[in-house]
1. Quick one: which of 162, 143, 136 is touching a helix residue (DSSP H, G or I) at 6+ places or on another chain (Cβ under 9 Å), open to solvent by 20 Å² or more (accessible area, probe 1.4 Å) and over 28 Å from residue 87 (Cβ atoms)?
2. Under the condition of being closer than 21 Å to residue 243 by Cα and of a type in the set (Gly, Ala, Ser), which residue from segment 83-98 is surrounded by the fewest Cβ atoms within 10 Å (Cβ to Cβ)?
3. Could you give me the residue pairs with C-beta distances under 6 Å whose first residue belongs to segment 323-345 and is free of Cβ contacts under 8 Å to residues at least 40 places away in the same chain and under 21 Å from residue 64 (Cβ atoms), whose second residue is open to solvent by 10 Å² or more (accessible area, probe 1.4 Å) and of a type in the set (Gly, Ala, Ser) wherever it lies, and which are 6+ apart or on separate chains?
4. When you go through (1) over 24 Å from residue 46 (Cβ atoms); (2) open to solvent by less than 10 Å² (accessible area, probe 1.4 Å); (3) within 24 Å of the chain's Cα centre (by Cα); (4) among the aliphatic types (A, V, I, L, M) one by one for residue 344, which number turns out not to apply?
5. Listed residues 251, 282; which is of a type outside the set (Val, Ile, Thr), over 14 Å from residue 225 (Cα atoms) and either assigned to a strand (DSSP E or B) or in contact (Cβ under 8 Å) with a residue 60 or more places away in the chain (or both)?
6. Taking interchain pairs and intrachain pairs at least six residues apart, which have beta carbon atoms under 8 angstrom, with the first residue in segment 99-127 and more than 16 Å from residue 51 (Cβ to Cβ) and open to solvent by less than 10 Å² (accessible area, probe 1.4 Å) and the second in a strand (DSSP E or B) and not basic (Lys, Arg)?
7. Could you tell me whether segment 24-42 includes any residue that is within 22 Å of residue 251 (Cβ to Cβ), assigned to a helix (DSSP H, G or I) and either free of Cβ contacts under 8 Å to residues at least 12 places away in the same chain or open to solvent by 30 Å² or more (accessible area, probe 1.4 Å) (or both)?
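The values are calculated or read from the model by the stated rules, or taken from the named source; none is laboratory data. No experiment lies behind these values; they were computed from the predicted model shown. Positions of Cβ are backbone-derived with ideal geometry, glycine not excepted, and every protein chain shown enters the neighbour counts. We work out accessible area using only protein heavy atoms, side chains counted, and drop any ligands, DNA or RNA first. Shrake-Rupley method; radii C 1.70, N 1.55, O 1.52, S 1.80 Å.
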Amino acid sequence: MTHRVVVIGAGLIGTMVARALAQGGRHDVTLIEATQGLGRGVSAMSFGWVTQLAGWQPPSQVKFDLLLAGRRAYDGLNAAMREKLFVPGDGALVWRDSPEATEALIAERRALGANVQGLDRAAIQRVAPHLAVVPDLAAHAPDDIFLRPGMAAGRLADSAVDSGAVVVTNQTALGIATESGRVTGVYLAETTVPADSVVLATGAMTHRMLPEGASAPEITTSPSALITLTAEGPAPTLALSGPGLEIRKDRRPDHFLVAAPLRGEDGPTLEALAEEKCQTARDWFPGLRNWHVASSGIGQRPMPQTDTGLIAEETAGVSGLYVAAAHPGVSLAPVVTERILALLS
């Protein structure tokens, strides 16, 4: 008899976990998503950067090793997928307010084990010839990759179905059924899905899903804007992150994605922030024409309050109930998946 597992939440982490469990052949997997589609929650609002350079403060060695493990896992996962999760590119260029600050970034990440090189102005102009605002020094991370997490979640779910998983959309999980301190199923509006184990890949909603008696590490949220710009003309194939702008080409022709932190109550509105980033893009790439804001939105990024920024564990108090969450979720999704898979094997 196979082990019945219900995964709640069809974002990048939830679909990756469901696929891994279904492929093992030992689990009867059901993936439940409240919306009509897959990857439409926070995953759809993610910049999708799997990087060794993000963050103003260097991560701990332990967390950096997890980030590198996640990056390596993506290569194997991509090779195994019928529909690829990403197309390898030229990586990313990152620079800070001064050459000294950029040099410090390169040194600290190299000390952690990152594959990062420093490029001077001439080298930057060779790899990003369309960039008008050229710094004196930039960090080049050639191994960095980018996903559209919403699209990737859909492809992972399709792969899970190919391995026998059942995907249920437009159904809100109303609660977790338990008996004698153990999971027995998931309540939907008109039925209860029986389960021997349940995985909560529900991000910031996780604690609302916990049944009485269950506890897990706290998950807070951090809002971030994702802005889509359009422009016509040639542009660098690398992602670029410097003072005032973090931008990369989208998979759609003439579309660009911009990630932007929100500045609190005193900061600009989302509409004003999007126009500000659009103007900065015009300044950076004067050779591109007809810059416009196509869309903008805010994603409430889950922030597990743990030393490693991830949770992949059974809840205390209720057996068979697991939490799968991480920040950065895209980078750490393979690590979370591997740990959940090990717990349920």
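1. On the way: 162 fails: over 28 Å from residue 87 (Cβ atoms); 143 fails: over 28 Å from residue 87 (Cβ atoms).
Only one candidate passes the filter, namely 136.
2. Initial filter on segment 83-98 (closer than 21 Å to residue 243 by Cα): 90-98.
Keeping just the survivors that are of a type in the set (Gly, Ala, Ser) gives 91-92, 98.
Values: 91: 23, 92: 27, 98: 13.
Across segment 83-98, the extreme among qualifying residues is 98.
3. 339/312
4. Result: residue 344 fails condition (2) only.
5. On the way: 282 fails: either assigned to a strand (DSSP E or B) or in contact (Cβ under 8 Å) with a residue 60 or more places away in the chain (or both).
Testing whether each residue is of a type outside the set (Val, Ile, Thr), over 14 Å from residue 225 (Cα atoms) and either assigned to a strand (DSSP E or B) or in contact (Cβ under 8 Å) with a residue 60 or more places away in the chain (or both) leaves just 251.
6. 124/93; 124/138
7. yes
Listed here are the residues, each with its yes/no results for (1) among the basic types (Lys, Arg); (2) outside any helix (DSSP H, G or I).
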position: 268; (1), (2): no, yes
position: 291; (1), (2): no, yes
position: 324; (1), (2): no, yes
position: 330; (1), (2): no, no
position: 339; (1), (2): yes, no
